[in-house]
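Quick notes on the structure that follows.
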Amino acid sequence: MDKVNLPITIAVISMFISLFLSYFLVKVKTEHKLSNRLFALFLLLTTIDIGGILFDLLYHSPSNTGMFRNLMTFLQLPTFYLYVLSVCYYDFKLKPKHFIHVVPFLIVNLVLLPRFYSVNLYSKISFLENNSNMLEIQFIHIFLHIQIFVYIIAVFSILRKAKKIYLENYAGASIESLNWLLQLTVAISVFYFIALLKNIFKFTNYPNVSEWLKIGLFVFELIIISWYLYKALNNPKLFRNIDSKLKLIKDIHSNKKNTEPPTEEINFELLKLKKYMHEKKPFLNPSLTIQDISNDIEIPTRDLSLLINHKLGQHFFDFINSYRVENAMVILKDNTKNKMTILEILYEVGFNSKSSFNTAFKKHCGITPTEYRKSL
């Protein structure tokens, strides 16, 4: 296969998979419709971007349609940003204020209106032939790279905050989902970094490097899309969102530091919490939240969150998992239950995945459940 056909072949495969996954995300029955539709839109925009190589083969002359298609890349990361918000927070809804994310796309199109969109074909050709000297093109390139940097930082900030809030308020399996979403964001960040290098080499004396990086981008894009497709098909309930109204413990503590309850009250609440944990064993519920315990022991959620995270020095996630691990250790020591598999035990004590069980057990004991059983 020659060099010309290689990127085309990869591009066609990537476009097919992207369109297939977009269709799957829109049609699949799920409660996360907005998240699915946002990511389907992101994939559709990605398909349009990849399709540039085919568009250039079909249309050899510059056109308004071709330029408009090129500039749709300004919509990709804003769509991904909104997707991450919708995944992290279950009460996320699209509002008129989110229209601001379309503004950069509108600006770059307006910038090209006088000297590209509204001129004849000859002027368009002249404009593109001298693109390195055109202020509009320089502005668009700089603006695009600034946008990429801002949105990637924003996405990482959202994920960092969401993970902290989750650890402080939930004890299910979504931490793995957030970790996976972080990995996807890292992969997309690497993709855009390579794209930046490609654009830099495009305007140097080494345009051939830019072409090879372009092929590499197609391959990398295909890998990312295939990876997401695999995840989507194997984990239809991958995400469990959090409440956007929840605040970080550090913010709650800073607001309440001047009204902290007396030591006697704190000790009483700690004893009440520990008694409840030992007697009722709420940790056996794999979907347990801090709100559930708050309702049962009648301690306000904020006070309970401060009690666990600040006074006990643990995230709620680790606090609950420590009880689950202790319960698992009791089962592993019980000779009458030595026929129970590790998988059966982890479900018995409230975990819902082997990886999260092994991670929590090793964090608590320093060894894996299998190693612990062998040491007895």
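The values are calculated or read from the model by the stated rules, or taken from the named source; none is laboratory data. Because the structure is a prediction, the values reported are computed rather than measured. All Cβ positions, even for glycine, are placed from backbone atoms using ideal geometry, and neighbour counts span all protein chains on display. The protein model used for the area step is the full one, side chains on, heavy atoms only, and it has no ligands, DNA or RNA in it. Shrake-Rupley method; radii C 1.70, N 1.55, O 1.52, S 1.80 Å.
When restricted to residues that are in contact with a helix residue (DSSP H, G or I) (Cβ under 7 Å, 6 or more places away or on another chain) and either open to solvent by less than 40 Å² (accessible area, probe 1.4 Å) or not charged (D, E, K, R) (or both), segment 103-128 contains 10. Of all the residues in segment 100-140, those that are among the aliphatic types (A, V, I, L, M) and free of Cβ contacts under 8 Å to residues at least 12 places away in the same chain number 8.
Checked against (1) open to solvent by less than 40 Å² (accessible area, probe 1.4 Å); (2) in contact (Cβ under 8 Å) with a residue 40 or more places away in the chain, Ile345 meets all criteria but (2). Condition check: open to solvent by less than 10 Å² (accessible area, probe 1.4 Å), β-branched (Val, Ile, Thr), without any contact (Cβ under 8 Å) to a residue 60 or more places away in the chain and touching a Phe, Trp or Tyr at 6+ places or on another chain (Cβ under 9 Å). Does Ile293 satisfy that? Criteria met by Ile293.
If you go through segment 70-101 and keep only what is of a type outside the set (A, V, I, L, M, F, W, C), surrounded by 11 or more Cβ atoms within 10 Å (Cβ to Cβ) and farther than 20 Å from Asn120 by Cβ, you end up with Thr73, Gln76, Pro78, Thr79, Tyr81, Tyr83, Ser86, Tyr89, Tyr90, His98, His101.
When you scan segment 50-58, do you find a residue that is surrounded by fewer than 19 Cβ atoms within 10 Å (Cβ to Cβ), β-branched (Val, Ile, Thr) and more than 17 Å from the chain's Cα centre (by Cα), even just one? Scanning segment 50-58 turns up at least one residue that is surrounded by fewer than 19 Cβ atoms within 10 Å (Cβ to Cβ), β-branched (Val, Ile, Thr) and more than 17 Å from the chain's Cα centre (by Cα). Among all positions in segment 235-245, there is at least one residue which is at pLDDT below 90 and in contact with a Gly (Cβ under 9 Å, 6 or more places away or on another chain).
Over 30 Å from Val119 (Cβ atoms), among the β-branched types (Val, Ile, Thr) and free of Cβ contacts under 8 Å to residues at least 24 places away in the same chain - does that describe any residue in segment 17-30? So far as segment 17-30 goes, yes, one or more of its residues are over 30 Å from Val119 (Cβ atoms), among the β-branched types (Val, Ile, Thr) and free of Cβ contacts under 8 Å to residues at least 24 places away in the same chain. From the residues in segment 27-43 that are more than 18 Å from the chain's Cα centre (by Cα) and more than 21 Å from Tyr89 (Cβ to Cβ), which one is modelled with the highest pLDDT? Among residues in segment 27-43 that are more than 18 Å from the chain's Cα centre (by Cα) and more than 21 Å from Tyr89 (Cβ to Cβ), the one modelled with the highest pLDDT is Lys27.
Yes or no, residue by residue, for (1) surrounded by fewer than 19 Cβ atoms within 10 Å (Cβ to Cβ); (2) at pLDDT below 80:
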{"residue": "Gly172", "(1), (2)": "no, yes"}
{"residue": "Asn179", "(1), (2)": "yes, yes"}
{"residue": "Phe191", "(1), (2)": "yes, no"}
{"residue": "Lys202", "(1), (2)": "yes, yes"}
{"residue": "Pro207", "(1), (2)": "yes, yes"}
{"residue": "Ser210", "(1), (2)": "yes, yes"}
{"residue": "Ile215", "(1), (2)": "yes, yes"}
{"residue": "Tyr228", "(1), (2)": "no, yes"}
{"residue": "Lys231", "(1), (2)": "yes, yes"}
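In segment 267-290, the qualifying residues are those that are in contact with a helix residue (DSSP H, G or I) (Cβ under 7 Å, 6 or more places away or on another chain) and of a type in the set (A, V, I, L, M, F, W, C), and the one that is most open to solvent (accessible area, probe 1.4 Å) is Leu270.
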